[in-house]
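Working notes, structure below.
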Amino acid sequence: MELLQKLKSQLGNPTNEDDVLEYCLERAGDIICDIRNSDKVEKKYLTTQIAIAIEIYNKRGAEGQTSHTENGISRVYASGDISHHLIRKITPVAKTPSSKVRVIEE
């Protein structure tokens, strides 16, 4: 199943949102590639990419929110875009000023 289809399935198949979902997947991929110092998302991180994309999608309209309480629901977002428990699933690759982006061939 294609990555976009998996994301749509997890979100309850929203309609007319393909552009937004593609952006969320792209942003999630960029985050993973930056941490991994790679040119593309490795296969073992595809489910993490979907989880990050879901988090990005669900935070639309509330970016940067640090606290919100309404009708017994409380929201507090961390200082970063993505929650720490998702970021910890990605093993970082050390970068130096002279290191190049790793090319992933699969």
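Worth a mention:
- Checking each residue in segment 39-57 for being more than 16 Å from His85 (Cα to Cα) and out of contact with any helix residue (DSSP H, G or I) (no Cβ under 8 Å at 6 or more places or on another chain) picks out Lys43, Lys44.
- If you filter segment 14-41 down to residues that are more than 11 Å from the chain's Cα centre (by Cα) and under 18 Å from Thr96 (Cα atoms), you find that the one that is surrounded by the most Cβ atoms within 10 Å (Cβ to Cβ) is Arg36.
- Filtering segment 45-54 for residues that are surrounded by 14 or more Cβ atoms within 10 Å (Cβ to Cβ), out of contact with any Gly (no Cβ under 9 Å at 6 or more places or on another chain) and part of a loop (DSSP other than H, G, I, E, B) leaves an empty set.
- Filter result for Lys40 (part of a helix (DSSP H, G or I) and of a type in the set (D, E, K, R)): no
- Contact map, segment 1-13: residues that are of a type in the set (Val, Ile, Thr) and outside any loop (DSSP other than H, G, I, E, B) paired with residues that are modelled with pLDDT of 90 or more and surrounded by 15 or more Cβ atoms within 10 Å (Cβ to Cβ), Cβ distance under 9 Å, separation 6+ or inter-chain. No pairs are found.
- Residues in segment 78-86 include none that are modelled with pLDDT under 90, exposed (fewer than 12 other Cβ atoms within 10 Å of the Cβ), among the aliphatic types (A, V, I, L, M) and outside any loop (DSSP other than H, G, I, E, B).
The values are calculated or read from the model by the stated rules, or taken from the named source; none is laboratory data. Note that the structure is a prediction, hence the values are computed from the model and not measured. Neighbour counts run over all protein chains shown; Cβ positions are idealised from the backbone, glycine included.
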